Amino acid sequence: MRVDRGGIRSQLNQEEAAIRPPPPGGPPRGGDRDRRPRDQYRVNHRIRVPEVRVVLDDGTQLGILSRDEALRLAEEKGLDLVEIAARSNPPVCRIMDYGRFKYEQSKKQKAARKHSSSMELKEIKFRPKTEQHDMDFKINHVRRFLEEGNKCRLVIVFRGREITHPETGVKVLNRVVDATQDIASVEVRPSLEGKRMMMILGPRAGLVRRAKAPSASTGTVAPGAGPAQAAPPGAAEHAPNPPPEQVE
C-alpha cells in the first residue's frame with residue numbers, strides 16, 4: 001500500500017496554519033491601503049468612519065458627532081463635509097464649500113509658482129587662445145548671468161593638439177575668476193572631460209539682482225555726443241520706435 005506523503009504534509013500544514021494565532025498587529029491590510037493622492041480629501045459620503053470631530057468653516061468646534069448627523073448639518077447649510085485630518089482619532093472634518101476651497105488652493109499654488117525664483121545654469125564657451133576683445137565680451141555675459149542670480153558653466157574647448165597643454169585652459173578660467181571675484185565664487189573646480197575643460201561659478205551669498213534701467217531713462221550721454229537738446233512739441237508722437245537691442 002503506497003502512502004501519499006505529499007498529501008499528508010500539505011494537510012498538516014493547513015491544520016497548523018488554522019490553529020496558528022494571528023500576528024500582533026492583525027492581518028496585513030495591503031488591499032485596504034489608502035491609494036488617494038495626498039492633496040485630495042474625502043468629501044461627504046466618501047467618509048466611511050462612524051464618528052467624526054466636526055469643525056465649522058469659521059473655526060467653531062461642534063465636538064464629536066456621528067457621520068450621518070455631520071452630513072445632515074452640512075446639507076442644511078448648503079456646504080460639504082470634508083475630512084481634513086484622517087489620521088486623528090476620530091478624524092477631523094470641516095463643514096465648508098469644497099469647490100471654493102479647491103479654487104483658493106489652486107490660486108495659492110499658482111501664485112507661489114509665479115513668485116518662486118528658479119536658478120538656471122548658463123554656459124559660456126572659450127578657446128585656449130581667446131583674444132582680449134572676445135574675452136571682455138564673454139566676461140560681461142558671465143557677470144550679467146551671475147547678477148541675475150544664475151549659475152554659469154565655463155567651458156574651454158580644445159582642438160587638435162591643444163589638449164596636450166591643458167594649462168592654457170586653466171589660465172583662461174583664472175582670468176574669468178579674477179574678473180568676477182567680487183560677485184562670484186567657484187562652486188566646481190576645473191575638470192577635464194575629453195577635450196572640454198569645465199568649471200562652474202555661482203553668485204555670492206546675498207547678491208541682490210540689480211535692476212537695469214534703459215539708457216534713455218538714466219539720461220546717459222554717449223562719449224563724443226553733444227549736449228542734449230529739447231525736442232520740439234509733438235516730435236515724440238511721430239518719432240519711430242528704436243529697434244530692439246540684440247546681443248551677438
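The values are calculated or read from the model by the stated rules, or taken from the named source; none is laboratory data. In this text the structure is predicted, and so the values were computed from the model without any measurement. Reconstructed Cβ throughout: ideal geometry from the backbone, glycine too, with neighbour counts over all protein chains shown.
With respect to ARG189, determine if the residue is at pLDDT below 90, within 29 Å of the chain's Cα centre (by Cα) and more than 17 Å from ASP136 (Cα to Cα). In short, no.
Contact map, the stretch 70-91: first residue over 19 Å from GLY59 (Cβ atoms), second residue aromatic (Phe, Trp, Tyr), Cβ cut-off under 6 Å, separation 6 or more or different chains; the map is empty.
At least 2 residues being among the hydrophobic types (A, V, I, L, M, F, W, C), in contact with a helix residue (DSSP H, G or I) (Cβ under 9 Å, 6 or more places away or on another chain) and modelled with pLDDT of 85 or more is the threshold, and among the helices (runs of 4 or more DSSP H) wholly inside the stretch 1-120 those reaching it are 67-77. Pairing residues of the stretch 138-149 that are within 13 Å of ALA179 (Cβ to Cβ) and assigned by TED's automatic domain parsing to the domain that holds ALA184 with residues that are of a type outside the set (D, E, K, R) and assigned to a helix (DSSP H, G or I), at Cβ distances under 9 Å and at least 6 apart in sequence or on separate chains, gives LYS138/VAL176; ILE139/VAL176; ILE139/ALA179; VAL142/VAL176; VAL142/ALA179; ARG143/ALA179.
Residues are listed down the side, and each one gets a yes or a no for (1) surrounded by 13 or more Cβ atoms within 10 Å (Cβ to Cβ); (2) at positive phi; (3) assigned to a strand (DSSP E or B):
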site	(1), (2), (3)
THR130	yes, no, no
ASP134	no, no, no
ILE139	yes, no, no
VAL142	yes, no, no
LEU146	yes, no, no
CYS152	yes, no, yes
ILE156	yes, no, yes
ARG161	no, no, no
VAL172	yes, no, no
